[in-house]
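Report on the following structure.
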Amino acid sequence: MIEGIKELREKLESEIKEASKVFVIGHNDPDIDSVASAVALAYLAQTYGKEAYVVIEEDDIKIESRLKAVIDQCKEPYHIIRKRDYLDLADKKSLLILTDVNKQERIRVGDSLDRIGRTMIIDHHNEGETTVPASEKYISLAASSASEIMTRVFLNGKIPIPKDIANYLLAGIYVDSKNFEFNTTETTHEMRKKLLKMGANPELANDFLKEEFETYCRVKDLVINGTIFKKYFDSIQAPVNAAFTLNRKKPKQIYLKDDLAKAANDLISLSGVNVGFAIGYVEPGVINISARSGKRVNVEAVMDAMGGGGNAQLAGGRFTTDDIFALENELMGKVPCGIIEEDQDTPPQMEKTSKK
C-alpha cells in the first residue's frame, strides 16, 4: 500500500513511463469527481509522453447535462473511449488506473482485467472483498475526493494544471464534500485555495451544486411523498431515527443516480433524522441505494452488509432486483450493523452478506 502523496506521485510516474498505454476508469454511473480525477490522470500520462485513454461506458440519458458537457469537452483532448475500444487497445504491457473506485463490480471493465499487465488504484473509499487486485494502491479515507488526491499529486510534483482540469478538480471536491460539509479537512480547504490561485472558476464548480428545476421537483416529490421513518433502539443511548424514501406510488420510476444522492442529502437534513436512505430504479431491474448519515450511524457498515460500499457518512450500492420493497425491508434490517454507541472508538463490526 502506498502511504503518502510523494510516493504516489513517484509510483504513478514510474508505472506510466513503463507502460505501453494507460487506461483510466472511474466507477459506474460517473459523477464529476470520478470524471475529473480520471481526466487529470490521463493528462498526467500525456505529460510523460504516453498514450492515455479514459473509459466511460454510460448512456447519455443517465448523465446529467452539466456532467455530459464536461465529458463532451474532454472526449478529444483526453481520449474518452468505451469498453469496446478498451478491449481492442489494451495489452499486457498496458497500465490500468482505477480512480474513485476500488471494487470490481463497480467498473465496466471488471470482467476484462486480464487484458492488462498492471493495475493501480487511487481512491478514498474503504476496500472490500471485491477490491481489484492491484500492483499499487493508494486509498485515503481522510480525503474528501479523488479530485483532492489528484490535486495534491500535481502540486507535489510542481506539475502545472491546465485551467480546464483545475475547474473539473475543484468541482469534484465541491460535490464530493457537499460544499465542504462532509469529509473535509484542512487539506481539502488548502487544495481549494490552490486551485483557485491556478485560475479555477468557483462559479463553474458551484454549477454542479445547483439543481435544475426539473431535478429539484423530482427530488422534492420523492422526499415529500415517499419517505417513511423507523426508530432503532440501542442499549445505552436515545433511539436512532432512520428515514427511507422511494416512489411508493410508482415504484418502477427511473431516476438518475444523482437524484437519489440529492434525496438522501435532503433526508439527513431533516430535524431529528440520524441516517437517510434513498432507493430507486436507475434502469429497469436495477436499483441504486444512496445513504447519508451523521455521527450516530456508519452507513459504510450498513451498505457493506447489503453488498455495497462507501465511507462512514456517504455510501451506496447497486442491486439487480424487481422487488424494490423487499430490498427496502432487507435494508431496514441491516441498519443496526452501522449504529455507533458513544463509547465506541471504532465503527461496529460489519456483517457480511452475499453480494447483489
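The values are calculated or read from the model by the stated rules, or taken from the named source; none is laboratory data. These numbers come from a predicted model, not from an experiment. Note: ideal-geometry Cβ built from the backbone for every residue, glycine included; neighbour counts use all protein chains shown.
Just a few scattered comments:
- Against the numbered list (1) in contact with a strand residue (DSSP E or B) (Cβ under 6 Å, 6 or more places away or on another chain); (2) more than 26 Å from residue 316 (Cα to Cα), residue 107 comes up short only at (2).
- Each residue in the stretch 305-320 was checked for being at pLDDT 90 or above and either of a type outside the set (Phe, Trp, Tyr) or within 12 Å of residue 275 (Cα to Cα) (or both), and 9 of them qualify.
- Listed conditions (1) surrounded by 12 or more Cβ atoms within 10 Å (Cβ to Cβ); (2) within 23 Å of the chain's Cα centre (by Cα) are all met by residue 227, apart from (2).
- Considering the stretch 40-54, the residues that are touching a strand residue (DSSP E or B) at 6+ places or on another chain (Cβ under 6 Å) and of a type in the set (A, V, I, L, M, F, W, C) include one that is nearest to residue 75 (Cα to Cα), namely 54.
- Of all residues in the stretch 180-197, those being under 18 Å from residue 290 (Cα atoms) and either among the charged types (D, E, K, R) or surrounded by fewer than 20 Cβ atoms within 10 Å (Cβ to Cβ) (or both) number 2.
- For the stretch 76-102, the set of residues classified as in a strand (DSSP E or B), touching a helix residue (DSSP H, G or I) at 6+ places or on another chain (Cβ under 8 Å) and buried (at least 20 other Cβ atoms within 10 Å of the Cβ) consists of 80, 95, 96, 97, 99, listed by residue number.
- In the set (1) at pLDDT 95 or above; (2) among the aliphatic types (A, V, I, L, M); (3) over 17 Å from the mean Cα position of the chain (by Cα), residue 302 fails one condition alone, (3).
- Total residues in the stretch 1-49, condition small (Gly, Ala, Ser) and either surrounded by fewer than 22 Cβ atoms within 10 Å (Cβ to Cβ) or outside the structural domain of residue 150 (by TED's automatic domain parsing) (or both): 4
- Hits in the stretch 122-161 (condition: buried (at least 19 other Cβ atoms within 10 Å of the Cβ), of a type in the set (Val, Ile, Thr) and within 20 Å of residue 307 (Cβ to Cβ)): 131, 132
- Qualifying residue in the stretch 50-58 (condition: over 30 Å from residue 210 (Cα atoms) and either surrounded by fewer than 22 Cβ atoms within 10 Å (Cβ to Cβ) or in contact (Cβ under 8 Å) with a residue 40 or more places away in the chain (or both)): yes
- In the set (1) part of a loop (DSSP other than H, G, I, E, B); (2) of a type in the set (A, V, I, L, M); (3) under 15 Å from residue 23 (Cα atoms), the condition left unmet by residue 122 is number (1).
- Flag if residue 136 is among the acidic types (Asp, Glu) and closer than 21 Å to residue 37 by Cβ: yes
- The residue list 200, 171, 166 contains one member that is assigned to a loop (DSSP other than H, G, I, E, B) and crowded, with 23+ Cβ neighbours inside 10 Å, which is 200.
- Residue in the stretch 20-35 that is without any contact (Cβ under 8 Å) to a residue 40 or more places away in the chain, of a type in the set (Lys, Arg) and touching a helix residue (DSSP H, G or I) at 6+ places or on another chain (Cβ under 8 Å) present: no
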